[in-house]
Amino acid sequence: MEETDIPELPDDLDYERGRVSARFGVVAAAGYQPLPDVLLFHQSELGLTSEELNVVLHILAHWYAPERLPFPSAKTIARRMGVGERTVERYLTSLRKKEYLVKYRHPKGARRRKGHDLSPLIERLKPLAHQRLEDRRQRLRESKMSEVDLT
């Protein structure tokens with residue numbers, strides 16, 4: 001499947017506009033982030049600790065556009081998590097060693113000097129996403145087959 005291919009799913013599995021607002025109301029109005037299910041559902045398989053996942057979530061919260069790398073500092077993440085800055089730096093180092101994150105430095109003189117490139121993590125999630133979609137399609141086919149058998 002090409003990256004640009006959008007998998008066809010039945011309407012009841014597709015995303016509906018306003019679903020987040022309907023569930024969370026004013027809480028969603030204050031801001032929310034999209035989070036791939038495969039990141040959560042395969043956390044253990046990916047070898048991510050709870051703390052590393054928490055750091056990833058904080059980085060994802062700052063990823064506003066695909067072409068702009070998120071850039072929260074270790075100090076900001078540490079304050080939000082209630083841990084020391086050095087602790088977050090260790091988690092970031094661990095994520096880089098596990099090849100989920102790449103530290104990016106912009107050229108001198110650029111407005112932002114650092115960023116976190118999550119493309120390695122996204123690449124590792126793609127096969128899991130494709131498998132999840134195929135499993136979903138298979139369940140749908142089986143469901144339709146059993147409906148036909150009942151009639």
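The values are calculated or read from the model by the stated rules, or taken from the named source; none is laboratory data. None of the values given here were measured: they were computed from a predicted structure. So basically every Cβ, Gly included, is an ideal-geometry build from the backbone, and we count neighbours across all protein chains shown.
Brief remarks on what is shown
- Checked against (1) closer than 17 Å to Val102 by Cα; (2) modelled with pLDDT of 95 or more; (3) in contact with a His (Cβ under 9 Å, 6 or more places away or on another chain), Arg80 passes all but a single condition, namely (1).
- Inter-residue pairs, beta-carbon under 8 Å, first within 17 Å of Tyr104 (Cα to Cα) and in segment 69-80, second modelled with pLDDT under 95 and among the aromatic types (Phe, Trp, Tyr), 6+ apart: Leu69/Trp63; Leu69/Tyr104; Pro70/Trp63; Pro70/Tyr64
- Criterion violated by Ala29 - all others in (1) among the small types (Gly, Ala, Ser); (2) loosely packed, with under 11 Cβ neighbours inside 10 Å; (3) at pLDDT 95 or above satisfied: (3)
- If the condition is being under 19 Å from the mean Cα position of the chain (by Cα) and of a type outside the set (Phe, Trp, Tyr), then segment 22-40 contributes Ala28, Gly31, Gln33, Pro34, Leu35, Pro36, Asp37, Val38, Leu39, Leu40.
- Selected residue [over 19 Å from Pro120 (Cα atoms), surrounded by 13 or more Cβ atoms within 10 Å (Cβ to Cβ) and of a type in the set (D, E, K, R)] from Glu52, Glu85: Glu85
- Among the numbered conditions (1) among the aliphatic types (A, V, I, L, M); (2) surrounded by fewer than 11 Cβ atoms within 10 Å (Cβ to Cβ); (3) in contact (Cβ under 8 Å) with a residue 24 or more places away in the chain, the only one that Leu39 does not meet is (2).
- Looking across segment 60-110, not a single residue is touching a strand residue (DSSP E or B) at 6+ places or on another chain (Cβ under 8 Å), assigned to a helix (DSSP H, G or I) and farther than 16 Å from Thr49 by Cβ.
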